[in-house]
Amino acid sequence: MALINSSILRKIVMALSGLFLISFLALHLTINLFTLISADLFNEASHFMATNWIIQLMQYVLAIGFVLHIAMGIQLTLQNKKARPSAYAMNKAAANSGWSSRNMIVTGLLVLFFLIVHLKNYFWVLKFGDMPYSSDYELVVKLFENPLYTLLYVFAFVLLGFHLDHGFQSAFQSVGINHSKYTPAIKWLGRAFAVVVTLGFSLISLFFYFSSLSN
Ligand code: HEM
């Protein structure tokens, strides 16, 4: 029990669930980018993801990954607040760390808000709702016709980018990979991944929004 309560174990669980979520994001972005190549290709990939039993099983692992990551993140933040509540400590933290690392809970909770909206509009509609369109592709096209919706998405992708920029390298540190030779490369890779995720997802939303204006 003492082990479960230890902050080291929480950090490791956060790191491993975070790395798992990162691999999901890479796959999700790749499949979503198919929308820019061909509607049929995207629909086929989407159909495969929705019917393959291994992927279906992985959806439960994904849900557990999200829950663990969010729960540990909130717990660690509350625990850190209790440990150093003074303004002096906060100012010192500001001097010693970047914006992303100081605002992980803020960017994380805002991305969670996005995720709830996103799951309601895609996952829920496709799995349990009354699908109003003939294909997954059409659902994507129609949702981004709404400018407010597109704006919310792009804003969320920027926040997700900041979250990943710190989270990626932090995950490696938490599992003990901290080396003068490898850490700078890991930080660089994390930043590159964050930029690709933000730009890649934003490109999809903006492409469909601007395409809808010319129709
Ligand atoms: C342009 C951006 C995005 C588009 C067009 C998009 C599209 C979709 C679609 C069509 C589905 C339903 C898949 C299915 O059940 O067959 C889905 C599910 C999902 N999306 Fe996204 N997504 C985007 C960005 C994101 C981001 C940034 C995240 C995470 C922060 C995310 C997390 C999820 C999750 C967790 C699911 C449910 C799991 C799944 O069905 O695989 N999505 N998305």
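Nothing in this text is a laboratory measurement; each read-out follows from the coordinates by a stated rule. Not measured: the values here are computed from a predicted model. Reconstructed Cβ throughout: ideal geometry from the backbone, glycine too, with neighbour counts over all protein chains shown.
Charged neighbours of Lys187, selected by a Cβ distance under 14 Å, balance to +1 (K, R count +1; D, E count -1). Counting beta carbons within 10 Å around each of Trp53, Trp99 and listing the fewest first gives the order Trp53, Trp99. Simple spin-label estimate for Leu189 and Ala83 gives 2.6 nm between the two label positions (7 Å along the Cα-to-Cβ direction from each Cα). In this structure, the pairs whose alpha-carbon distance is over 23 Å, taken from Lys11/Lys187; Lys11/Lys81; Lys120/Lys142; Lys81/Lys181, are Lys81/Lys181.
Stretching the chain fully between Tyr60 and Thr30 yields a gain of 8.7 nm (0.36 nm per residue, less the alpha carbon separation).
Would you please classify the overall shape of the chain from the alpha carbon gyration tensor, given that a ≥ b ≥ c denote the square roots of the eigenvalues, rounded means a/c under 1.5, and beyond that prolate means a/b larger than b/c while oblate covers the rest? Here the chain falls in the prolate category. Run the paramagnetic zone check for Tyr122: 7 angstrom along Cα to Cβ, then residues of the stretch 56-75 with backbone nitrogen under 18 Å. Counting backbone N atoms under 18 Å from the label point, the list is 56-67. Against the main long axis of the alpha-carbon atoms of the chain, helix 39-51 sits at an angle near 60°. Full extension of the segment from Ala50 to Ser7, taken as 0.36 nm per residue of separation minus the current Cα-Cα distance, would add 11.8 nm.
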